[in-house]
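For reference, the structure is listed below as structure tokens.
FYI, it's all coordinate maths here, none of it is from the lab. Since the model is a prediction, treat every value here as computed from it, not as a measurement. Because the Cβ atoms are built from the backbone with ideal geometry, glycine has one as well, and the counts that use them run over all protein chains shown.
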Amino acid sequence: MSEKPSEDICSTCQQPLHDSVIIEKDGEVFKSCPSCSSNAGTHVFYKYDDFGMRNMGDGRFIVQSWCPGCRLQDGVKPEFIFNC
Ligand SMILES: [Zn+2]
Ligand SMILES: [Zn+2]
């Protein structure tokens, strides 16, 4: 019997990998992709603007959770910026 380590926690910042972590750095905003982060075991950040926006149909736009590469499953991911 061995204790299984949690696979959904970032080894660096200890926040859940399925969370969208948003970081502001040098006046630019970056967001983690939950899908890429789960695969990597650490948060994977792209530019916030690279995620695209989702039209909620009532005049509101919210940022997409997953990066285009994970969402469309065409393998085309945004330019990688940094890990946690
Ligand atoms: Zn992290
Ligand atoms: Zn992704």
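Each of Ile23 and Trp66 was given a label point 7 Å from its Cα along the Cα-to-Cβ line. The distance between the two points is 2.3 nm. Over the residues of the chain, the helix contribution to mean residue ellipticity at 222 nm works out to -3000 deg cm²/dmol, using -39500 (n - 2.57) for each DSSP H run of at least 4.
Express in % the proportion of alpha carbon pairs of the chain at distances exceeding 20 Å.
Percent of Cα pairs beyond 20 Å in the chain: 36.
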